[in-house]
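Values in this text are rule-based calculations from the coordinates and carry no lab data. Fair warning: this is a prediction, and the values are worked out from it, not measured in the lab. FYI the Cβ positions are ideal-geometry reconstructions off the backbone, even for glycines, and counts take in every protein chain you see.
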Ligand SMILES: [Ca+2]
Ligand SMILES: [Ca+2]
């Protein structure tokens with residue numbers, strides 16, 4: 001276990017001990033200042049085992065088993081309308097496109113990264129993938145969610161992070177997929 005207190009002990013050596021509680025409070029204040037409040041966290045959630053995601057991706061994309069990588073053993077799941085609340089709130093889509101320096105990979109990283117950054121929201125299976133429409137590689141966002149609170153069937157959704165629009169399943173199935181992490 002590596003924590004701030006342990007690190008400080010390692011590097012500070014002798015002399016007066018720093019006020020760790022003050023350091024932690026200062027760090028927490030910096031994190032809070034850099035992290036504006038996110039939308040209310042959905043209260044209708046369940047735990048989702050990683051095997052469900054793997055099975056879903058393998059059955060949706062047969063032939064791409066070697067492109068699939070699942071990071072965690074378990075995730076949270078809620079309905080897509082709740083995932084959309086966060087996507088609508090997040091401002092990734094309003095930034096200006098610039099070839100290479102602020103293009104598809106950067107937008108996809110930013111939106112998936114926003115989920116990863118916010119406490120609670122980081123537990124949902126949302127990340128970015130690479131595919132090729134035939135006109136070159138394209139990065140976009142993938143999520144697993146329920147169609148609704150009453151229809152709790154884990155389902156794949158695809159989001160274009162430059163517009164927040166949904167990408168159709170058929171469009172993704174028509175791609176050559178290059179990388180499928182979750
Ligand atoms: Ca948005
Ligand atoms: Ca780029």
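Summary of the geometry: region 128-181 and region 67-88, compared by the centres of their Cα atoms, lie 12 Å apart.
Neighbour counting of Cβ atoms within 10 Å sorts the residues 96, 67, fewest neighbours leading, into 96, 67. DSSP assigns beta bridges within the chain; of those with both partners inside it, close to 90 percent run antiparallel. Please identify, among 152, 73, 54, the residue showing maximal mean-square fluctuation in a Gaussian network model of the chain using a 10 angstrom Cα cutoff. Maximum fluctuation in the GNM of the chain, among the listed residues, is at 73. Ordered by the count of other Cβ atoms within 10 Å of each Cβ, fewest first, 179, 111, 30, 48 give 30, 179, 48, 111. Across q = 0.13, 0.15, 0.20 Å⁻¹, the chain modelled as identical point scatterers on its alpha-carbon atoms has Debye log10 I(q)/I(0) values of -0.75, -0.92, -1.36, in the order of the q list. Against the chain, whose longest principal axis comes from its Cα atoms, helix 50-60 is set at around 30 degrees. Estimated from helical segments only, the mean residue ellipticity of the chain at 222 nm is -10500 deg cm²/dmol, where each DSSP H run of four or more residues counts as -39500 (n - 2.57). Residues considered: 94, 80, 167. Largest GNM mean-square fluctuation over the chain, using C-alpha springs under 10 Å, is found at 94.
Counting neighbouring Cβ atoms within 10 Å and putting the fewest first, the residues 38, 51 line up as 51, 38.
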